[in-house]
Amino acid sequence: MNVILATGNPGKLKEMESIFREKGNLPGFHLSTIASLPEEIRNAYNPVEDGISFLENAHKKVLALYRLLKEENNNFCMIAEDSGLEVEALNYAPGIYSSRYGEDDPGRISRLLGELEGLEPKDRKARFVTVAAAMDKDGNVVYFTGKVEGRIATEPAGENGFGYDPVFFHEPSGKTFAEMTKDEKNHISHRYAAFEKLILYLNRWSVRLKK
Ligand code: IMP
C-alpha cells in the first residue's frame with residue numbers, strides 16, 4: 001500500500017520514515033510525499049488552511065489530496081498533519097496561527113517573549129500539539145493527537161530545530177528543544193506522539209486487509 005504524506009517537506013518524510021523503521025517497517029507499506037506524484041497532481045495540490053482547529057486543517061490537507069487521487073485505482077492511504085504551539089497565558093495562542101505569528105522565526109519568538117514579559121515560570125506553561133489525519137481510498141478518516149508539555153523560556157537557547165524550539169523549555173530534559181539533538185527531540189515531540197499512534201493504527205489496518 002502506498003502511504004502518501006500530504007506535504008512537500010522532505011524533513012517530515014524523514015521523521016516519519018524513521019518512526020516507521022523504529023516500529024518495524026510495516027510489510028507492504030511504501031512511504032512517499034506529494035513530491036513523488038505526477039507534476040499535474042503536485043501543482044493542483046493547494047489546500048486552504050482556513051480551519052479553526054488543528055483537526056480541521058489536517059482534515060482539509062488530507063481531503064484535498066484525496067480529491068486529486070480518488071480516481072486512481074491504486075491501493076493508497078493519505079496522511080496529513082497540522083501542528084502548533086499553545087500558550088496557556090495567551091489563551092492558547094498562537095495555536096493554528098503559529099506559522100503566521102510574525103514574519104519569520106525570530107519575529108515570532110520575539111513577539112511571544114514580549115507578550116509573556118514579566119511572567120514567572122509557573123505562568124509560562126505551553127504545549128506543542130499535532131493532529132495527524134489518515135484517510136483511505138474510500139474517504140474514511142481517523143485522527144490522532146500528540147502533545148508535549150513545556151514552558152516558554154525567558155530567552156532563546158540552542159541552535160537546533162526550527163520554529164519556536166529555542167524558547168520551548170522541556171522540564172524533564174532540563175533544556176529547550178533547540179538544545180536537543182534531532183534524535184532526542186524526535187522521540188519526545190508532539191509529531192512523534194501522533195505518528196506513533198497513527199503507525200500502530202496502520203499496522204492493525206494492514207492485518208485487517210490481509211484477512
Ligand atoms: P506545521 O503544521 O508543522 O507546519 O507547523 C506550524 C507551525 O507551528 C510552524 O511553522 C512552527 O512555527 C510551529 N511548530 C510546529 N511544530 C514545531 C516544532 O516541533 N518546533 C517548533 N515550532 C513548531
Heavy-atom accessible area ranking, 1.4 Å probe, most first, across E22, E17, E155
E155, E22, E17
Computed on Cα atoms only, the convex hull of the range 76-137 has an orientation-averaged projected area in nm² of 5.2
Share of accessible surface on carbon and sulfur in the chain, whole %, 1.4 Å probe and ligands ignored, is 48
Taking r as the C-beta separation of E103 and E40 and R0 as 30 Å, the FRET efficiency to the nearest 0.05 is 0.40
Show me 190-197, 29-36 ranked by packing, highest mean number of other Cβ atoms within 10 Å first.
190-197, 29-36
Using a basic spin-label model with each label point 7 Å from the Cα along Cα→Cβ, how many nm lie between T181 and V48?
4.5
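Stretch A157-K14 to full length: gain in nm at 0.36 nm per residue minus the Cα-Cα span? All intermediate terms of the calculation are to be shown ahead of the outcome.
Numbers: separation 143, 0.36 × 143 = 51.48 nm, distance 2.50 nm.
Stretched fully, the A157-K14 segment lengthens by 49.0 nm.
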Could you run the Karplus curve 6.51 cos²θ - 1.76 cosθ + 1.60 with θ = phi - 60° over the range 40-47 and give me ³J(HN,Hα) per residue in whole Hz, x for Gly and Pro?
5, 6, 3, 5, 7, 7, 8, x
Could you do me a favour and compute the accessible area per residue for the chain, 1.4 Å probe, result in Å²?
52
Stokes-Einstein D for the chain at 20 °C, 1.002 mPa s, Kirkwood Rh over Cα pairs, in µm²/s?
119
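The values are calculated or read from the model by the stated rules, or taken from the named source; none is laboratory data. Since we're looking at a predicted model, the values are computed, not measured. Neighbour counts run over all protein chains shown; Cβ positions are idealised from the backbone, glycine included. The accessibility values were calculated without ligands, DNA or RNA, using every heavy atom of the protein model including side chains. Shrake-Rupley method; radii C 1.70, N 1.55, O 1.52, S 1.80 Å.
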